[in-house]
Amino acid sequence: MSKIIASAAIRGGHACVRRAETALAECVDRYGWDKDVGFPSTAYALPVILALTGKRVERLGDLEEALGTARSWLPAEPTERLWLPYLGGALDAGAATLVAQEAIEALKPLRGIPSAFDYWLGPTADGILREQGIKLVDGRMPGFAACVGALPDDETAEQLARDLQERNLLVFMGSNAGGETMAAQLNRRGVEMNWETFLVPYGPDTSSIVHALGFACRAAFTFGGLKPGGIKETREILLYNQRRVFAFVLALGEVDDEKYATAAGAINFGFPVIADTDIPEILPSGICTYEHVVANVAHRDMPARAVEVRGVKIHTVDIPIPVRHGPAFEGERVRKEEVAIEFGGKHTRCFEYLASRPMDQVQDELIRVVGPEIGDVPETARLPLAIFVEVAGRKMQPEFESILERHIHSFLSEPMGVMHLGQRDTVWLRISKKARDAGFRIGHLGTVLLHKLRNDFPAIVDKVQVTLFTQSADVEALYPAAAAAYQSRDERMGALTDERVEVFYSCALCQSYAPNHVCIITPERLGLCGAYNWLDGKAAYEINPHGGNLPVRKGDSVDPVLGQWKGINDFIRNASNGSFERFSAYSMINDPMTSCGCFECIACILPGTGGIMIVDREYSGQTPVGMTFSSLAEMTGGGQQTPGFIGIGTLYALSRKFISADGGLSRLVWTTTRIKQRLGDKLRQRCEELGRPGFYDKVADETVCTELEPLIEYLAAVEHPALEMGEMV
Amino acid sequence: MSLELKPKKWAGALRQVTLGAGSRRPLTVGGGNGLPLHTFEAAFPHRPLLALEITDVDPVRWVESVREVWEGALGRPAEAARRGVEEFGADLLLVNLMGTHPDRGNRSPEQAAADIAAVLEAVRVPLIVKGPGAGQKQNQVLARVAENCGGEGLALHSATNEDYKTLAAVAVAYGHVLVGESPIDVNIAKQLNILLADANVDLNRVLIDPLTGGLGYGLEYTYSVMERIRLAALSGDGMLNCPLVCLVGEEAWKAKEARVPAGKEPLWGNQPERAIHWEVATSMALIEAGAEVVVLRHPESLARIRKQLDSWFDVTAGGATCR
Ligand code: SF4
């Protein structure tokens, strides 16, 4: 910790405790030790003292004891020669300061000093705490800002207050800067300040800001069920605040010793300090989630910076766009006659590209349209478009880029009157006349992406900036970077093999109807529903560690050919409720993975051919095995291991590990034209890799035959390799 | 030849949850250390409880044959409560605040709190208080009820995976029990309990509502999910060992088989009798799967189930030892 801050905080602590002691002595002289002391309408006595010392202060005598404790926490005042570079000392001084400040506040009425006057509200009653504190705990209010001091002018004060209000943050105000207060500034601007507007002025003294911490402590007592007591309890209360009450201190104007000391007190609660002046910074060191003191922040940037430093997650309930939106509109088409403006399709270049950046290189909420807007071009115009999304997050990883980017489709399908098809550089986007008439602009695409990304991925996305280029030159200029990113992602995904990772991911989402089923998702075998690959599992776990996807360590290899590992088998035994002992990742014959019911395709053996067929869910016709998809599904599903029958995600067929223990893709003798189309060139390519010339064309489909006899004849005629590989079982 | 029983011993047992406090006569459920009703190998300190459902407003969609028995008390919660306990012998009541739903009268949180206060005045049994369904309105209503009836140990129904923080906070703040509802899904049930524990809710103050399907309408899904929850609990999973509550009445009386009059389906027989069978059959299956609190609509169903339970459990003071 900076020596300057530590020394100032310790000096401030000493001064505060001295002041409290003097005030107490004065009151004791006048009223005696038994005089009642406390805040009105609360069951928590002096809440900060209760939280920090575990003692209820009800009489002046109790206060004496509390101040004694505070004094004992105070380290010696540092001198030029005596200096212990010790963060704990400053924090202890901070805690002592809060005790002293609460004492000073509580003694005010006894000394004839008003707590509530003009617009100052003084201490908060329990009734208000119950009403408002719960919002902090249940997330309706993302956090609170304790504003200490004043702004350079009234207008800036109002701007800051509005910016904080806009983010739904509760604003506490206290203290002054050279006699000026933020509350006075707001008052002159005619801003209403009370609990309804979430602008709460405590008092013009620095000590009054202790009420904000008292509020936090009482929230922990009431809604966290925490009880005051010893050191352990105090620690729990502080931790509760650190984890759940997203508060921060804004130091406005000059920072004196008492303010440093108060800030050190707040840091004990995990509340960081954001200052507009050039004070020494304290970067990560373990109590606050991220930085502790960040200095020199411009007023305009304060709310955003504070939200970022405290790790406050803002959830937008109503996305501010002029049309209705939601999953209900996802499948909606905008027909030709309804088009106001169109991008991509066959006509212009249209692509979307999401990149992650370091935290300081993304300006949250910045949405720009570079080039013509919807009103600048004639109706039914066709423009090029680059949707360029830059995100930053403390836990963001470049690996998650493709996952977020893939969500752009569903996000942009949600506004009514917007049609979005395709992904990457195959996007086709239309905005309807109705949407335009309602006020929808190209820029609103950015608004939707901003809020959806932040709402749906709060664990990994902290900041989003969107640029929409609608001029050919810009679009073309950005394209090479996007194309390079697509390619390198594909390569990275291609290089990601089962051998190269230590953990696979489980998925238990389908256990609700197949109670013993669990998917093991490996880099080379995606979930059988086709919706989850290994990266999705990884991201899902990052986003919600209590969710359906868990990392599973492979552990020692049990059988490299079958694809069995000790760690996986142990996990399976547990997760399948003891129903299964082993899973093979690469075999459909020996200990195959179970299948729930939502497989995209079924792979099953075709007796007499030495091969297998793959049939997809949409195919309703007959298959050579003599069953339709739905009768096959009955045999395969339900969470059983049925040797010879497995549910798979379509893309698994392209994997080098596709039933590699049983002979691999060379076993494929029949599939549907739909699967062939879907896998397209990639399937051809995989077939070529097998080193069996003409293999692709030897795989029959329903246009060749749908019965076993003619299939065997066909296979013999084309000399399909499976015939020679021998029966699988 | 004689059959030799090998009692199965489990690592875990269910938590015991006490419903009702303050002015209530409290009742405790849970605590069993074996599969439901396996009285030959496990101990069950408490018997399953039978609740009747009453409503804040006239439940106009209730089937006539169930409305009849509540005649004069429909939409009068205090009166219904008295009748439910004194005449019909319910162990406890579920007060369904359906009238607070924005589409069903949109009664205010204050009105709801007054209704609950009136019921608390009328009877001394513990209450389950059901809101209008997850969302902002339910949070407002149940938060107000929780605050006004602090210390009564109400069971607030219900917190969900997406929306639990408000109810968790008020349950902690005002000393109530919380029902966590999961959509027939053992993983979500567990996840929700983890989240509740994380929000400082004591899991000894939590019931699981696994969501019930009526007989013929998905009962078997509920059955197997309850079975899995119980097996996990007995194997020592501390996040799934809360007692289970099933809202049977609502589901059983939704079934076509319970509603269609004999005139339309002569082969199905007398509707009022058939409907009671439906409610009883659904309940018995769920009790066998481990339901510890069963909520019913028809007092006759309650009487029949009680008779069966009496033959299985000793009827001693509120709780039970097994015969
Ligand atoms: S099928 Fe898909 S959703 Fe179901 S468990 Fe497997 S990966 Fe998860």
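Taking the Cα centre of the range B:89-145 as origin, work out the dipole magnitude from +1 charges on Lys and Arg Cβ and -1 charges on Asp and Glu Cβ, in debye rounded to 20.
Charge dipole, the range B:89-145, about its Cα centre: 120 debye, nearest 20.
Tally Lys/Arg at +1 and Asp/Glu at -1 over every other residue whose Cβ is under 13 Å from the Cβ of A:PHE39; what's the total?
Here the count lands on -2.
Take the alpha carbon atoms of the range B:243-298, find their radius of gyration, then divide it by 2.2 N^0.38 Å using N residues; give the quotient.
1.20
So how strong a dipole does chain A carry about its Cα centre when Lys and Arg Cβ are +1 and Asp and Glu Cβ are -1, to the nearest 20 debye?
With Lys and Arg at +1 and Asp and Glu at -1, about 460 debye.
As a test of the definition: which semi-axes, in Å, follow for the range B:2-72 when you take the square root of five times each eigenvalue of its alpha carbon gyration tensor? Largest first, please.
Each semi-axis is the square root of five times an eigenvalue, giving 38, 19, 9 Å.
Full extension from B:GLN308 to B:GLU162: what is 0.36 nm times the residue separation minus their Cα-Cα distance, to one decimal in nm?
Working it through step by step, the gained length comes to 48.8 nm.
Out of the range A:125-199, which chymotrypsin sites (Phe, Trp or Tyr not before Pro) are coil in DSSP terms and have no more than 16 other C-beta atoms within 10 Å?
A:TRP195
Determine ³J(HN,Hα), in whole Hz, for all residues of the range A:433-438 in sequence, where each value follows from phi through the Karplus function 6.51 cos²θ - 1.76 cosθ + 1.60 and θ = phi - 60°; x replaces Gly and Pro.
So the Karplus estimates, Gly and Pro as x, are 4, 4, 4, 4, 5, 6 Hz.
Using C-alpha positions alone, give me the convex hull volume of chain A per residue in cubic angstrom.
Measuring per residue, one finds 195 Å³ for the Cα hull of chain A.
Averaging over all projection directions, find the projected area of the Cα convex hull of the range A:454-518 and quote it in nm² with one decimal place.
With every direction weighted equally, the projected area is 8.2 nm².
Work out from phi, with θ = phi - 60° and the Karplus expression 6.51 cos²θ - 1.76 cosθ + 1.60, the ³J(HN,Hα) of each residue of the range B:195-209, listed in order in whole Hz, and give x for Gly and Pro.
Values per residue, Gly and Pro as x: 5, 5, 4, 5, 8, 6, 7, 6, 5, 6, 10, 10, 10, 9, 9 Hz.
Treat the range A:406-517 as a sphere of radius equal to its Kirkwood radius over Cα pairs and apply Stokes-Einstein at 37 °C in a medium of 0.692 mPa s; give the translational diffusion coefficient in µm²/s, rounded to a whole number.
Result for D is 188 µm²/s.
Computed FRET efficiency, Cβ-Cβ of A:LYS35 and A:ARG357, R0 35 Å: what is it to the nearest 0.05?
With a Förster radius of 35 Å, E is 0.05.
Select from B:GLY22, B:GLY75, B:PRO45 the residue farthest towards the positive end of the dipole of the range B:1-93; place +1 on Cβ of Lys and Arg, -1 on Cβ of Asp and Glu, and compute about the Cα centre.
Ranked along the dipole, the leading option is B:PRO45.
At a Förster distance of 30 Å, what's the computed FRET efficiency of A:ASP425 paired with A:ASP301, Cβ-Cβ distance as r, to 0.05?
Between A:ASP425 and A:ASP301 the formula returns 0.30.
Taking the Cβ of A:PRO560 as the center, what net charge do the other residues with Cβ under 13 Å away carry, scoring Lys and Arg +1 and Asp and Glu -1?
Every neighbour counted, the sum reads -1.
Excluding A:ALA295 itself, what net charge comes from residues whose Cβ is under 14 Å from its Cβ, given Lys and Arg +1 and Asp and Glu -1?
My count for the surroundings of A:ALA295 gives -4.
Under 5 Å between amide hydrogens, which residues at least 5 positions from A:ASP276 or on another chain qualify, with H placed 1.01 Å from N in the peptide plane?
Placed amide hydrogens put A:ALA251, A:GLY253, A:ASN296, A:VAL297 under 5 Å from A:ASP276.
Based on alpha-carbon positions alone, could you give the equivalent ellipsoid semi-axes of the range B:16-312 from the gyration tensor, as √(5λ), descending, whole Å?
26, 24, 18
Rg/Rh for the range B:201-323 to two decimals, with Rh computed the Kirkwood way over all alpha-carbon pairs.
Rg/Rh: 1.03.
Using only Cα atoms, what Kirkwood radius does the range A:498-725 have, in angstroms?
17.8
Select from A:ASN176, B:LEU120, A:PHE215 the residue farthest towards the positive end of the dipole of the protein assembly as shown; place +1 on Cβ of Lys and Arg, -1 on Cβ of Asp and Glu, and compute about the Cα centre.
My answer, from the dipole projection, is B:LEU120.
Quick one: Debye curve from the C-alpha atoms of the range A:599-729, no solvent, what's log10 I(q)/I(0) at q = 0.14, 0.16, 0.22 Å⁻¹?
Debye curve over Cα of the range A:599-729, log10 I(q)/I(0) at q = 0.14, 0.16, 0.22 Å⁻¹: -0.55, -0.73, -1.53.
Please compute the Cα-Cα pair-distance distribution of the range A:205-251 with 5 Å bins starting at 0, giving whole percents from short to long.
5, 21, 30, 22, 14, 7, 1
For q values of 0.15, 0.19 Å⁻¹, compute log₁₀ I(q)/I(0) with the Debye formula on a Cα-only model of the range A:327-494, without solvent.
Values, matching the q order: -0.79, -1.26.
In percent, how large is the relative contact order of chain B, given Cα pairs closer than 8 Å and 6 or more residues apart?
After rounding, I find 21 percent.
Provide the percentage of antiparallel DSSP beta bridges, counting only those with both residues in chain B; round to the nearest 5.
15
Please list, in order along the range B:258-265, the HN-Hα scalar couplings obtained from phi with the Karplus expression 6.51 cos²θ - 1.76 cosθ + 1.60 (θ = phi - 60°), rounded to whole Hz, x for Gly and Pro.
8, 9, 5, x, 4, x, 7, 10
In chain A, if the dipole is taken from +1 on Lys/Arg beta carbons and -1 on Asp/Glu beta carbons about the Cα centre, which of A:PRO693, A:VAL137, A:PHE440 is farthest to the positive end?
It is A:VAL137, whose Cα lies furthest towards the positive end.
For the range B:1-100, which GluC sites (Glu not before Pro) are both in a DSSP coil and crowded by at most 16 other Cβ atoms within 10 Å?
Here the GluC sites (Glu not before Pro) that fit, given the DSSP loop and packing criteria, are B:GLU4, B:GLU41, B:GLU71.
If you take the Cα atoms of the range A:212-330, find Rg, then find the Kirkwood Rh from the mean of 1/r over all pairs, what is Rg/Rh?
So for the range A:212-330, dividing Rg by the Kirkwood Rh gives 1.09.
For labels at B:GLU220 and B:ALA118 in the simple 7 Å Cα→Cβ model, what's the distance in nm?
Placing both labels 7 Å along Cα→Cβ, they lie 4.5 nm apart.
Restricting to bridges with both residues inside the protein assembly as shown, how much of the DSSP beta-bridge set is antiparallel, in percent to the nearest 5?
Expressed as a percentage, antiparallel bridges in the protein assembly as shown total about 40.
Any of A:LYS35/A:LYS227; A:LYS259/A:LYS313; B:LYS165/B:LYS190; A:LYS55/A:LYS232; A:LYS336/A:LYS434 with alpha carbons more than 20 Å apart? Name them for me.
A:LYS35/A:LYS227; A:LYS259/A:LYS313
Specify the inter-centroid distance of the range B:182-241 and the range A:599-615, based on alpha-carbon positions, in whole Å.
First find each Cα centre; the distance between them is then 38 Å.
DSSP loop GluC sites (Glu not before Pro) in the range A:556-663 with at most 13 other Cβ atoms within 10 Å of their Cβ, which ones?
A:GLU581, A:GLU618
Sort A:LYS346, A:LYS433 by heavy-atom solvent-accessible area, probe 1.4 angstrom, most to least.
Sorted descending by solvent-accessible area, the residues read A:LYS346, A:LYS433.
Return the tail of the calculated pair distribution for the range A:156-262, meaning the percent of Cα-Cα pairs more than 24 Å apart.
Value for the range A:156-262: 31 percent of Cα pairs lie more than 24 Å apart.
What is the distance, in nm, between label points placed 7 Å from the Cα along the Cα-to-Cβ direction at B:LYS6 and at A:ASP556?
3.0
Per Stokes-Einstein, at 25 °C and 0.890 mPa s, what whole-number D in µm² s⁻¹ belongs to the range A:130-172, with the Kirkwood radius over Cα pairs as the hydrodynamic radius?
This corresponds to a translational diffusion coefficient of 219 µm²/s.
Given R₀ = 56 Å, what would the calculated FRET efficiency be for A:THR706 paired with A:ALA483, taking r from the Cβ atoms and rounding to 0.05?
0.85
Relative contact order for chain A: what is it in percent, counting Cα pairs under 8 Å that are at least 6 residues apart?
8 percent.
Can you run the Rg to Rh ratio on the range B:89-130? Use alpha carbon positions and the Kirkwood inverse-distance Rh.
Rg divided by Rh gives 1.01.
Give the residues of the range A:712-729 whose amide nitrogen is closer than 14 Å to a point set 7 Å from the Cα of A:ARG692 in the direction of its Cβ.
Inside the label zone: A:715-728.
Please report how many Lys pairs in the range A:498-725 have alpha carbons closer than 23 angstrom, counting only residues at least 8 apart along the chain or sitting on separate chains.
For the range A:498-725, the number of qualifying lysine pairs is 11.
Using alpha-carbon pairs under 8 Å, 6+ residues apart, how would you state the relative contact order of the range A:498-725 in percent?
19
What translational diffusion coefficient, to the nearest whole µm²/s, does the range A:4-310 have by Stokes-Einstein, given a Kirkwood radius computed over alpha-carbon pairs, a temperature of 37 °C and 0.692 mPa s viscosity?
My calculation gives 173 µm²/s for D.
Would you mind calculating the gained length between A:THR277 and A:ARG573 on full extension (0.36 nm times residue separation, minus the Cα-Cα distance), in nm to one decimal?
Additional length available on full extension: 100.6 nm.
The values are calculated or read from the model by the stated rules, or taken from the named source; none is laboratory data. Keep in mind it's a predicted model, so treat the numbers as computed, not measured. Note that each Cβ is placed from the backbone with ideal geometry, even for glycine, and that neighbours are counted across all protein chains shown. Heads up: the accessible areas ignore ligands, DNA and RNA and are worked out on the full protein's heavy atoms, side chains in. Shrake-Rupley method; radii C 1.70, N 1.55, O 1.52, S 1.80 Å.
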